[in-house]
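Read through the structure below, which is laid out as structure tokens, and then see the notes.
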Amino acid sequence: MTDLKVQEDIFNLIGSSLKKKLKCYVIGGSAMLYYKLKEVTKDIDIVLLTENDRDYALKAMKELGYAERSSKMLYVNKKNVPILLQRGQDRFDLFNRKIINLKFTDAMAERARLVLEYGSLTANIISPEDIIILKCATDRAGDRLDAAGIIKNTNINFDILLEESINQMKMVGDVIPLNLYQFLLELKEDMNIEIPDGIIKKLEDECEKILDEKLKKGSTVKVTKYKKTKKT
């Protein structure tokens, strides 16, 4: 498990080894550490905007002793999975712009206003809203618990979630608003997380419109199935 100090030590190590500047975006539990929404994370999740940047990061990290590991167990039947790296107990997931069934958008990059420098590595920490959106895609154990913690402890702008889900659908084709609707509804009903009725209604209306359009065209609908999480 990695806490914020260990994560920053690793970023400093990588940044000091780089021969040229590299920008990354910190997502998932790794981003939550900076907002004090989580004490530890299992792995460090980062996005590199180009394949050249990811190849450069991969080469630099291998020179530091990181080795690739299989993604089959962690991302079962998923597309656009990250490159997984490990050195001792330190684990990294290196994504490019495509994250499972979503895309890391320019709007997400613009909302990443917390920027930290670690030598030649610039770490942009994505917004709490975008952490939630991306957790709809990764669908890993604990994602709903993480999302619940974010909503409980931050002032989430739910309109950003709605707008980004519609934007994602236009780019990647999946019915992302329907996935988000299901994700938030389960948080509300199964975990008693306070989700504004207005956003649920907006998502419901958007989903009905999308489904009607697809049914008229005879299209199929893909919906992410979320793992049930036991309430504590």
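From the list Y118, Y75, which one is more than 13 Å from I46 (Cα to Cα), at pLDDT 95 or above and of a type in the set (F, W, Y)?
Residue meeting the stated conditions: Y118.
Within the stretch 102-156, track down each residue that is farther than 19 Å from K38 by Cα and among the polar types (S, T, N, Q).
Across the stretch 102-156, the qualifying residues are T105, S120, T122.
Report, by residue number, each residue of the stretch 163-188 that is closer than 19 Å to G28 by Cα and of a type in the set (A, V, I, L, M, F, W, C).
I176, L180, F183, L184, L187
Looking at the stretch 9-51, which of the residues that are in contact with a Phe, Trp or Tyr (Cβ under 9 Å, 6 or more places away or on another chain), crowded, with 16+ Cβ neighbours inside 10 Å and of a type in the set (D, E, K, R) is nearest to I125 (Cα to Cα)?
D45
Residues A109, A137, A147: which one is touching a residue at least 24 places away in the same chain (Cβ under 8 Å), farther than 20 Å from N192 by Cα, of a type in the set (G, A, S) and outside the structural domain of D45 (by TED's automatic domain parsing)?
A137
What pairs can you find where one residue is in the stretch 74-87 and part of a strand (DSSP E or B), the other is buried (at least 17 other Cβ atoms within 10 Å of the Cβ) and of a type in the set (S, T, Y), and their Cβ atoms are less than 9 Å apart, with a gap of 6+ or different chains?
Correct list of pairs: L84/Y75; L85/Y66; Q86/Y66; R87/Y66.
Would you please name the residue that is modelled with the highest pLDDT, looking only at residues in the stretch 85-106 that are farther than 15 Å from E51 by Cα and aliphatic (A, V, I, L, M)?
Restricting to residues being farther than 15 Å from E51 by Cα and aliphatic (A, V, I, L, M), the top hit is L85.
Consider the stretch 52-63. How many of its residues are over 19 Å from the mean Cα position of the chain (by Cα) and either surrounded by fewer than 15 Cβ atoms within 10 Å (Cβ to Cβ) or within 14 Å of K98 (Cα to Cα) (or both)?
Of the residues in the stretch 52-63, 5 are over 19 Å from the mean Cα position of the chain (by Cα) and either surrounded by fewer than 15 Cβ atoms within 10 Å (Cβ to Cβ) or within 14 Å of K98 (Cα to Cα) (or both).
The values are calculated or read from the model by the stated rules, or taken from the named source; none is laboratory data. For clarity, every value in this text was computed on a predicted model and none was experimentally measured. Every residue, glycine as well, gets a Cβ built from its backbone with ideal geometry; the counts of neighbours run over all protein chains shown.
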